[in-house]
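Read through the structure below, which is laid out as structure tokens, and then see the notes.
The values are calculated or read from the model by the stated rules, or taken from the named source; none is laboratory data. Everything numeric here is computed off the predicted structure, so don't read it as measured data. Quick reminder, even Gly has a Cβ in these numbers, built from the backbone with ideal geometry, and neighbours come from all protein chains shown.
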Amino acid sequence: MNDSRIRDVVIVGGGTAGWMAAAALSATMGEQLRIRLIESDEIGIVGVGEATIPAIRLFNGLVGIDEDQFLRATQGTFKLGIEFQNWGRIGESYMHGFGQIGQSLDLIEFWQYWLRGRREGVASELGRYSFNQAAAREGRFARVSRIPNTQLDGLSYAFHFDASLYARFLRSISEQRGVQRVEGKIVDVNLHPETGFVRSVTLASGEEHQGELFIDCSGFRGLLIEQALQTGYEDWSHWLPCDRAIAVPTANVGQPRPYTQSIAHPAGWQWRIPLQHRTGNGHVFSSAWMGEDEATRILLDTVEGEPLADPRTISFQTGMRKKAWNRNVVSLGLSSGFIEPLESTSIHLVQNGIARLISHFPDRGFAQANVDAYNRRIAYEFERIRDFIVLHYTANQRDEPFWKAMQEVELPPVLRDKIDLFKATGRIFREQEDLFTEVGWLQVLIGQNVVPDTYHPLADVLTREELAGFLRDIETIVSAPALRLPIHADFIAQHCAAEVAHAA
């Protein structure tokens, strides 16, 4: 029988996506594959994806990364959630905290009791029942798997880190495992005349690199997936009209918060991401509603520390490639699509694409059914994340023209049905491979003043006094242990401080 296994993988482009792919493939299939990564020092990377979600810990575990070593190498801090300011109404704020909220009781979710308690005046704000939010509010952190002496989960966490340092860290690991880095700028992509598959790429030096499977991590250019294969792009700017970001790093002011901040402005929003050596800042906005000069002024007027570099502009178009995998090319990162990083999903989408690729890893026959299944799964994840981001924009009560226009956007059907169900019944269901949990949706819906008409009838089994006591007990259980956790900065100093925390 002929051996049709793929042996030769070429990754086009470095950065976070390229080196994540190299690290994961070398960790899982390194003995079976020759892996080359082609990148050029002449070509810059976007490098603004510095906040993550808890799934990144699974990726780091797969690659065999020691967490403290990783944090030291990337100037990393811990992240318990995202604080949203001014997204419902100006002056309001809420947090989308990771992990559990409250405790389910009698077959229904905790929030059904909370909805009743809110109506009857015996409930605190939703975040008071989250251990993650309690710790975040106090600026505290520790690795706690369970709240002591309870059945409640401990802290669920992710990270803030310097994406360029993460790529460098992964490069070191990958090269130790046999990945070959090739320096050079690709000037030509050579297709097979009969199949249309990518046969090789040619560098400016004239050097040619052949491969069997190509992974396109070339960024927005989509050097292989779009420029060579003309796959096409699905534009989502009618739902998400922001198309620019101004980014600038600043000096730290005070201790790093263990959470990301997202601050809504008149035509977009601002991120604030605390690292050990600096703070990452950016202003995402719609150029149809605001000029670049005004967007830059707003950002510089609202950062907390002294700018460490000149602001730089990044242009983008929200959407996804019509096929993430076309012929023998799999696109990852910005070459596969872009969703603004409002919920820190950029690096996760890379991670997800890599996990799906390993699951669907082909042979040289490239079975179309396998490729199609991969593309369906990738598209589903992109679409569900898109819906979650659209929710933030449309569920607002602001009066500025941009925000009023967002209130009138025709929603994607799946999102519309989800909101309608919650408004009518208070119920949220997680379907198939949805990334965001029910409590994630709940925190954004409630945080932006989407209030259901009713709650589950089983929540009426408790008397008003029993309900008040139940809610009070949960609030105490999550708040008291949070106060005993170490200060976030102290935990970093003890376990994972970078050797030169002030380096640029």
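Whether a residue is crowded, with 22+ Cβ neighbours inside 10 Å and either out of contact with any strand residue (DSSP E or B) (no Cβ under 6 Å at 6 or more places or on another chain) or in a helix (DSSP H, G or I) (or both) was assessed, and A288 does not pass this test.
Considering segment 422-447 alone, what residues qualify as being surrounded by 15 or more Cβ atoms within 10 Å (Cβ to Cβ) and assigned to a loop (DSSP other than H, G, I, E, B)? The answer is G426, R427, I428, D434, L435, F436, T437. Restricting the search to segment 146-180, which residues are among the polar types (S, T, N, Q) and in contact with a Leu (Cβ under 8 Å, 6 or more places away or on another chain)? Passing the criteria: S156, S174, Q180.
When F169 is tested against (1) in contact with a helix residue (DSSP H, G or I) (Cβ under 9 Å, 6 or more places away or on another chain); (2) at pLDDT 95 or above; (3) not in a helix (DSSP H, G or I), just one condition goes unmet, and that condition is (3). The one condition from (1) outside any strand (DSSP E or B); (2) modelled with pLDDT of 95 or more that E234 does not meet is (1).
Counting only strands (runs of 3 or more DSSP E) wholly contained in segment 296-364, the ones carrying 2 or more residues that are under 28 Å from P256 (Cα atoms) occupy 312-315. Screening R118 with (1) free of Cβ contacts under 8 Å to residues at least 24 places away in the same chain; (2) in a loop (DSSP other than H, G, I, E, B) gives one miss only, at (2). Remark: pairs (first residue in segment 6-18, assigned to a strand (DSSP E or B); second residue among the charged types (D, E, K, R); Cβ separation under 6 Å; 6+ apart in sequence or on different chains) = D8/R34; D8/E212; V10/R36; V12/D216. If we scan segment 259-267, do we find a residue that is out of contact with any Phe, Trp or Tyr (no Cβ under 8 Å at 6 or more places or on another chain) and either touching a residue at least 40 places away in the same chain (Cβ under 8 Å) or assigned to a loop (DSSP other than H, G, I, E, B) (or both)? Taking every residue of segment 259-267 in turn, at least one turns out to be out of contact with any Phe, Trp or Tyr (no Cβ under 8 Å at 6 or more places or on another chain) and either touching a residue at least 40 places away in the same chain (Cβ under 8 Å) or assigned to a loop (DSSP other than H, G, I, E, B) (or both). Among residues of segment 74-98 that are surrounded by fewer than 19 Cβ atoms within 10 Å (Cβ to Cβ), those with a Cβ under 7 angstrom from a residue that is outside any loop (DSSP other than H, G, I, E, B) and of a type in the set (D, E, K, R), sequence gap 6+ or separate chain, pair up as S93/E83.
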